[in-house]
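First up is the structure itself, then whatever we jot down about it.
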Amino acid sequence: MQSSRYIRQMQMPQVGEVGQQRLAQAKVLIVGAGGLAASLLPILAASGIGYIRLYDADRVELSNLHRQILFRMSALGQYKVLAAQQHIQQLNPEVNLEAVSQHIDSSNIEAALAGIDIVVDAADRFATTYLLSDACQLRHIPLISASVLSEQGYVGGFCGATAPSYRALF
C-alpha cells in the first residue's frame, strides 16, 4: 500500500491507518456495471479497496455514455467489465479488479461470492436482487442494494449478521 496515496484519508479519525489497512484487505462483489457501478467503482478504487469482483454481461453502448461516466467512446462495443477494469487500473493500479463478463445467476453465485466481504447489487433486476439477498443471507454477507429509475431511487443495507434480507422486507 502506498501510504502517500491515502495520507489524507488516514488522517481522518473515521479511517486512520488501521481503517486503511482494512480497506486494502476488503473484497467487494459488485453486480452490474451500469450507471450506479460506473459512479461507485472509481470511488472504491480511489479509496484503496483492495479487491473488486465485477459481474456484468453487457457491452458499452453509445446510449450509456451520458449517464455511465466511467466509459468513453473508445470503449464502445467492449464488455463493460473489461472497460471498467482498464479504467480502474489507470486510476489505481493497487486495486485488483476481477472482471467477469457474465450475468449472475444460480449457476455462478457460489463462485461470485467466494471470499467476498460485502456485496453491492447495482444490477437493476429484481430477480438478481432476490438471488443475491438469499445467497448473502445464508452466508451472513452484507448486501447493499441500490436502484435508480428516472429521477427516483433507493439504497438499502440487508443481510449480514443481524440485518433482514431483501426478501424479508419486500
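The values are calculated or read from the model by the stated rules, or taken from the named source; none is laboratory data. Since the structure is predicted, the reported quantities are computational estimates derived from the model, not experimental observations. Counting neighbours? That spans all protein chains shown, and the Cβs are built from the backbone with ideal geometry, glycine included. Surface accessibility is based on the protein's heavy atoms, side chains included, excluding ligands, DNA and RNA. Shrake-Rupley method; radii C 1.70, N 1.55, O 1.52, S 1.80 Å.
Going by what's in this entry, would G34 be described as more than 17 Å from L91 (Cα to Cα), surrounded by 13 or more Cβ atoms within 10 Å (Cβ to Cβ) and in contact (Cβ under 8 Å) with a residue 40 or more places away in the chain? The answer is yes for G34.
For beta carbons closer than 7 Å, sequence separation of 6+ or different chains, a first residue in the range 131-148 that is within 14 Å of S106 (Cβ to Cβ) and a second that is in a helix (DSSP H, G or I) and open to solvent by less than 30 Å² (accessible area, probe 1.4 Å), the qualifying pairs are L131/I109; S133/Y166; A135/I109; A135/L113. Keeping to the range 1-22, report how many residues are open to solvent by 50 Å² or more (accessible area, probe 1.4 Å) and in a helix (DSSP H, G or I). Total meeting the criteria: 6.
Of G32, G16, G50, which residue is touching a helix residue (DSSP H, G or I) at 6+ places or on another chain (Cβ under 8 Å) and at pLDDT below 95? Steps first, answer last, please.
Details: G32 fails: at pLDDT below 95; G50 fails: at pLDDT below 95.
None of the others qualify; the one that does is G16.
Kindly indicate whether I109 is at pLDDT 95 or above and β-branched (V, I, T).
Here the answer is yes, as I109 does meet what is asked.
The set of residues in the range 84-108 being over 15 Å from the mean Cα position of the chain (by Cα) and either of a type in the set (S, T, Y) or over 13 Å from I49 (Cα atoms) (or both) consists of Q86, Q90, D105, S106, S107, N108. Look at (1) polar (S, T, N, Q); (2) open to solvent by less than 50 Å² (accessible area, probe 1.4 Å); (3) farther than 28 Å from A135 by Cβ and you find that Q68 fails only one, number (3).
Quick check on L76: is it within 20 Å of L29 (Cα to Cα) and touching a helix residue (DSSP H, G or I) at 6+ places or on another chain (Cβ under 7 Å)? Even if it seems obvious, please write down each step before you answer.
Values: within 20 Å of L29 (Cα to Cα): no; touching a helix residue (DSSP H, G or I) at 6+ places or on another chain (Cβ under 7 Å): yes.
When the stated conditions are applied, L76 does not pass them.
Taking the range 71-95 as the range and being polar (S, T, N, Q) and open to solvent by less than 70 Å² (accessible area, probe 1.4 Å) as the test, the residues that pass are Q78, Q85, N92.
Is one or more of the residues making up the range 96-109 in contact (Cβ under 8 Å) with a residue 12 or more places away in the chain, open to solvent by less than 20 Å² (accessible area, probe 1.4 Å), small (G, A, S) and under 23 Å from D134 (Cα atoms)? No, the range 96-109 contains no residue that is in contact (Cβ under 8 Å) with a residue 12 or more places away in the chain, open to solvent by less than 20 Å² (accessible area, probe 1.4 Å), small (G, A, S) and under 23 Å from D134 (Cα atoms).
In the range 1-31, how many are without any contact (Cβ under 8 Å) to a residue 24 or more places away in the chain and not hydrophobic (A, V, I, L, M, F, W, C)?
To start, the set of residues in the range 1-31 that are without any contact (Cβ under 8 Å) to a residue 24 or more places away in the chain comprises 3-4, 7-8, 10-19, 21-22.
Then drop every residue that is not not hydrophobic (A, V, I, L, M, F, W, C), which leaves 3-4, 8, 11, 13-14, 16-17, 19, 21-22.
Of the residues in the range 1-31, 11 are without any contact (Cβ under 8 Å) to a residue 24 or more places away in the chain and not hydrophobic (A, V, I, L, M, F, W, C).
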